[in-house]
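Report on the structure given below.
Nothing in this text is a laboratory measurement; each read-out follows from the coordinates by a stated rule. From a predicted model like this one, the values you see are computed outputs, not experimental measurements. Here the Cβ positions follow ideal geometry from the backbone for every residue, glycine too, while neighbour counts run over all protein chains shown.
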Amino acid sequence: MMGRQRRCRWAQPWTLLLLLLGPQLLVTHGWRPQGNENSKNRNILKLYFPAVVEYALHVYNLKSQDRNAYKVVRVLRSWPEWKASTSHSEQKEEKGLVFSMELQFARIRCGKFDEDIDNCPFQATPDVNNTVTCFFTVDAKPWKTEFQLLNDTCLEGSAA
């Protein structure tokens, strides 16, 4: 029963993630789509980026050997690209997006399988080992809650 709850906890619809985390990530980290996209595309990207960041963090926490969880400290850089179309009539929304992003995580006081890690404080020690900088490439269709990790490269320590 306990394992089932953990799986369901991470299987939340992306809309709930956006509702809870979207404004915090967009305001705190000041992310804006880059390039010459029209305003419709910009708005679509603003909506989906927080869900992709949450997915990358979830994957990092699952793969980490650390018993503590990590949370996003800041988005260092990011850029989205629409996937190449196989057919001329294919819509952008059906093709999906590939997000590349560099994120900085910090260790929190809670274990990675604790119930309420979203409200858990960061560890107080300024130890460089509490910080990790990762580069992720994620193939995403967040409107369908479909994500696939294409690349992840992480380095311990501060990105500053």
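Worth pointing out:
- Residues Thr133, Thr145, Thr153 in ascending order of nearby Cβ atoms (within 10 Å, fewest first): Thr153, Thr145, Thr133.
- Sum of side-chain charges, Val59 neighbourhood, beta-carbon under 13 Å (Lys, Arg +1; Asp, Glu -1): -1
- The length gained by stretching the chain between Arg109 and Asn43 to full extension, at 0.36 nm per residue less their Cα-Cα distance, is 20.3 nm.
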